[in-house]
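The values are calculated or read from the model by the stated rules, or taken from the named source; none is laboratory data. Since the structure is predicted, the reported quantities are computational estimates derived from the model, not experimental observations. Because the Cβ atoms are built from the backbone with ideal geometry, glycine has one as well, and the counts that use them run over all protein chains shown. Heavy atoms of the whole protein, side chains included, go into the accessibility calculation; ligands, DNA and RNA do not. Shrake-Rupley method; radii C 1.70, N 1.55, O 1.52, S 1.80 Å.
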Amino acid sequence: MKKYFLLIILLVSALFSSSQGLEDVKKLIILMQFDKAKPEIDKYMADAKNAAKADGWYYKAFIYSSLARVASKPVAESKALNQESYSALKKYAELDPKAPLTKEESNSTLYNLYYSNYDLGVKTYNEKNYPESYELFKNTLDIHDYTVSNNLDGPKGLKFAAHDTDIVWNLAVLANELKKKDEALIYFKKIADADLADEKYADAYDEMIKKYRKEDNKELFTKYLERAKKHYPTDPYWDAVGIEFAVKGLENEELFKKYDELMVSYPSNYQVHFNYAIELNKFVFGTDLKGRDVSAYKKKIPELLIKAISINSTVDANVLLTNHYYNNSFDLTDDAQKIKSTKPEDVKKKNELMAQSKSSLAQCIPVGEEAVKLYAALKTYKASDKANYKQVLDILSTACKQTGDVKKAAEYEKKKAEVDKL
């Protein structure tokens with residue numbers, strides 16, 4: 001967190017305005033005896049008649065702000081003095097909208113309050129007093145927003161930016177750290193609405209995307225997703241989130257139609273093709289289809305997996321495709337064996353099915369070998385990894401035996417026995 005230097009500005013000319021009853025207070029201010037000036041201004045303001053006049057509030061703000069910047073004061077005392085000063089300044093502007101005293105000093109007291117609070121926020125943050133730091137940064141942002149909304153320029157043309165990015169980001173991070181989730185979202189939204197591109201602000205867009213995904217608000221979900229993709233175009237996470245939202249709640253044919261649309265929008269996205277294959281696989285092999293013809297869906301599964309592997313050759317995609325070819329081979333054999341007729345057309349159909357079965361079994365071998373290569377490259381193995389690794393090796397062993405490569409089959413059997421040692 002960046003530490004600001006405070007502006008210490010005392011414009012004596014402001015002290016000689018026509019304010020009756022404040023002479024002693026102004027003399028003490030000129031002498032910079034703020035500890036003595038404080039009880040004098042407090043006594044003056046205790047009179048209801050004086051409290052109804054504007055000028056006393058300005059001098060109270062000036063004295064309290066000056067005391068708050070004394071380095072030896074405890075944080076809690078400086079914080080309280082700053083808050084009193086800020087309230088007094090606002091009261092002064094309320095009672096005298098022309099505010100000649102703050103104009104005379106170019107709003108120095110107000111700007112000093114901002115920097116003082118910021119400085120205290122940084123100090124408490126570095127001391128790991130996060131709750132206090134959070135409150136001080138909230139006070140700082142409040143002063144910033146008041147200054148900007150009232151178009152109050154500081155000395156020598158000093159002017160706050162409309163969006164105080166540093167403060168807002170500090171508050172977002174601290175609110176998140178302090179488990180103030182609802183408040184954190186307020187600050188994350190300010191960052192995202194400012195359309196900022198720094199890498200560290202990616203979390204702000206992500207929080208907005210998660211919020212509106214949960215609320216099923218397509219318009220705002222899309223708004224923040226598009227901003228995130230604009231600023232972080234090489235991160236695949238954003239496409240994955242968009243795809244997940246697009247298919248949310250869809251099933252069966254409605255889901256497949258959406259995936260067909262997504263393949264047009266994301267032609268080179270691994271997740272679209274792989275997830276589509278998963279959903280088709282579940283539908284074709286895990287659903288009571290009641291005699292429905294799903295041959296087109298079944299044919300599409302390997303096409304999707306081949307495309308997914310061409311984009312990114314992963315263990316999961318290769319394992320799924322290996323299983324598909326292997327199981328398809330046996331399904332085709334079963335279909336062929338169901339044909340008992342010796343009619344020429346039926347014999348021809350049976351032979352075609354057996355040829356397709358043999359081809360499917362041959363196809364599973366190179367894909368399975370790729371899966372084995374990827375498994376062998378892993379540094380650590382979960383129980384599920386070992387189980388799937390052994391399954392692929394078992395398939396390869398069986399496939400090699402069926403194709404007459406007994407030596408290769410034995411090698412895969414040996415590898416399978418070694419998996420449990422990994």
Problem set entry | Options Val247, Val173; residue that is of a type in the set (Val, Ile, Thr), closer than 20 Å to Tyr114 by Cβ and surrounded by 16 or more Cβ atoms within 10 Å (Cβ to Cβ) | Val173
Exercise. How about the range 27-84: which helices (runs of 4 or more DSSP H) wholly inside it have at least 1 residues that are within 41 Å of the chain's Cα centre (by Cα) and under 24 Å from Thr124 (Cα atoms)?
Worked result: 55-68
For this session: Scan (1) closer than 19 Å to Leu396 by Cβ; (2) in a helix (DSSP H, G or I); (3) out of contact with any helix residue (DSSP H, G or I) (no Cβ under 6 Å at 6 or more places or on another chain); (4) small (Gly, Ala, Ser) for the single condition Ser313 breaks and write down its number.
Result: (2)
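Matching residues to (1) at pLDDT 95 or above; (2) assigned to a loop (DSSP other than H, G, I, E, B):
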residue	(1), (2)
Glu253	no, no
Lys258	yes, no
Val264	yes, no
Asp293	no, yes
Lys298	no, no
Exercise. So Lys189 fits all but one of (1) touching a residue at least 40 places away in the same chain (Cβ under 8 Å); (2) closer than 30 Å to Lys214 by Cα; what number is the exception?
Worked result: (1)
Seminar exercise, completed: Per the list (1) in a helix (DSSP H, G or I); (2) free of Cβ contacts under 8 Å to residues at least 24 places away in the same chain, residue check on Ser360 breaks on (2)
Seminar exercise, completed: Given the conditions (1) at pLDDT below 95; (2) of a type outside the set (A, V, I, L, M); (3) open to solvent by less than 60 Å² (accessible area, probe 1.4 Å), every one holds for Asn139 apart from (1)
Seminar exercise, completed: Note: among Leu15, Leu67, Leu10, Leu81, just one is at pLDDT below 95, under 23 Å from Ser116 (Cα atoms) and open to solvent by less than 50 Å² (accessible area, probe 1.4 Å), namely Leu15
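Results for (1) of a type in the set (Ser, Thr, Tyr); (2) in a helix (DSSP H, G or I); (3) at pLDDT below 95; (4) open to solvent by less than 50 Å² (accessible area, probe 1.4 Å), shown as yes or no for each residue.
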{"position": "Ile309", "(1), (2), (3), (4)": "no, yes, no, yes"}
{"position": "Thr322", "(1), (2), (3), (4)": "yes, yes, no, yes"}
{"position": "Tyr325", "(1), (2), (3), (4)": "yes, yes, no, yes"}
{"position": "Ser341", "(1), (2), (3), (4)": "yes, no, yes, yes"}
{"position": "Leu374", "(1), (2), (3), (4)": "no, yes, no, yes"}
{"position": "Lys390", "(1), (2), (3), (4)": "no, yes, no, no"}
Problem set entry | Residues of the range 392-408 classified as over 43 Å from the mean Cα position of the chain (by Cα), assigned to a helix (DSSP H, G or I), without any contact (Cβ under 8 Å) to a residue 24 or more places away in the chain and surrounded by fewer than 18 Cβ atoms within 10 Å (Cβ to Cβ), total | 4
Seminar exercise, completed: Across the range 90-100, the tally of residues that are assigned to a helix (DSSP H, G or I) and open to solvent by 10 Å² or more (accessible area, probe 1.4 Å) stands at 6
For this session: Report whether or not Val272 is aliphatic (A, V, I, L, M) and either loosely packed, with under 11 Cβ neighbours inside 10 Å or modelled with pLDDT under 95 (or both).
Result: no
For this session: Quick one: Leu289 ticks every box in (1) touching a residue at least 40 places away in the same chain (Cβ under 8 Å); (2) among the hydrophobic types (A, V, I, L, M, F, W, C); (3) outside any helix (DSSP H, G or I) except a single one, so which number is it?
Result: (1)
Seminar exercise, completed: Of Leu262, Leu225, Leu250, the only residue that is under 18 Å from Arg213 (Cβ atoms), touching a helix residue (DSSP H, G or I) at 6+ places or on another chain (Cβ under 6 Å) and without any contact (Cβ under 8 Å) to a residue 12 or more places away in the chain is Leu250
